[in-house]
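In what follows, a single structure is set out as structure tokens and then discussed.
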Amino acid sequence: MKFLRVEWTKKRGSIALLATGLVVSAFILGGYVATGNWNPWGNRHYYQELNANFQECHTVSGVQACTTEHNVIFDAGALWVQRVTSGEAPTGCAPSTTCGFKYIAMSAGTTAPVATDSVTGATNGDCGKPTDTELTTNGFARALGTVTDISGSSPKSSTVVLQFTATATQAVAKSCLVNQSTAANAANVQLAAATFTSITLQSGDTITITWTISWTWS
């Protein structure tokens, strides 16, 4: 009888040991799938996501209306951000108090932007390029927006907000987030652009542009 008890105890011990081994193996295999590393304690999988969202609110003849439109992040703009985070020399200029995606520009052009557009340099760095033309008069010259930085943990957003006031009749149909305070600048890079239904503003009418940059990481 004692012999049988010993054998049964050994069997249960073997089963428990086998089950523990399977759990540990599954954990290590899962860690490898997630991290590409056989040591899951030595590496964690991190991800980052950058997204831009556009909104415009206009007041025409005392009536306010807002729209949120699909926008495009340009490949060249994303490359600028990547080079900055990688410690490389970005296209145009290095980030500084005078170089950063905190300026908002406008265009009357209606051509939809495409991610692969050429959007850098003295010509194509202007809002609307490579097809349309940036506005520089009637109260719509590009200008510095009010920046609200991210804070806290993921997900978070930063915003760039600017109100334009028309000084003469002017149609607007496109907005861009750019890195320089003046058009026709050799260091110009566009990060993102959005088209919306053309609005004709009269002198004194306003339009407020909000660019929201969403940051997600883990």
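For the reader, a short list of remarks on this structure follows.
- The phi torsions of segment 207-218, fed into the Karplus equation with coefficients 6.51, -1.76 and 1.60 and a -60° offset, translate into couplings of 9, 9, 9, 10, 9, 10, 9, 9, 10, 10, 8, 8 Hz, rounded to whole numbers, with Gly and Pro shown as x.
- Interchain or long-range residues, amide H under 5 Å from Phe74's placed H: Ala192, Ala193
- With every protein chain in place and a 1.4 angstrom probe, the accessible-area ranking of Val178, Val81, Val114, largest first, reads Val114, Val81, Val178.
- Modelled spin labels at Val114 and Thr133, positioned 7 Å past Cα toward Cβ, are 2.3 nm from each other.
- Length gained on full extension, Ala186 to Thr169: 3.1 nm, using 0.36 nm per residue less the C-alpha separation.
- The loop-placed GluC sites (Glu not before Pro) in segment 50-142, going by DSSP, that have at most 16 neighbouring Cβ atoms within 10 Å of their Cβ come out as Glu88.
- Protein-only accessible surface at a 1.4 angstrom probe places the residues Ser158, Ser153, Ser118 in the order Ser153, Ser118, Ser158, largest first.
The values are calculated or read from the model by the stated rules, or taken from the named source; none is laboratory data. In this text, all values refer to a predicted model and were calculated from it rather than measured experimentally. A quick note on method: Cβ atoms are made from the backbone with ideal geometry, for glycine too, and the neighbour counts reach across all protein chains shown. Surface areas here come from the heavy atoms of the whole protein model, side chains and all, with no ligands, DNA or RNA. Shrake-Rupley method; radii C 1.70, N 1.55, O 1.52, S 1.80 Å.
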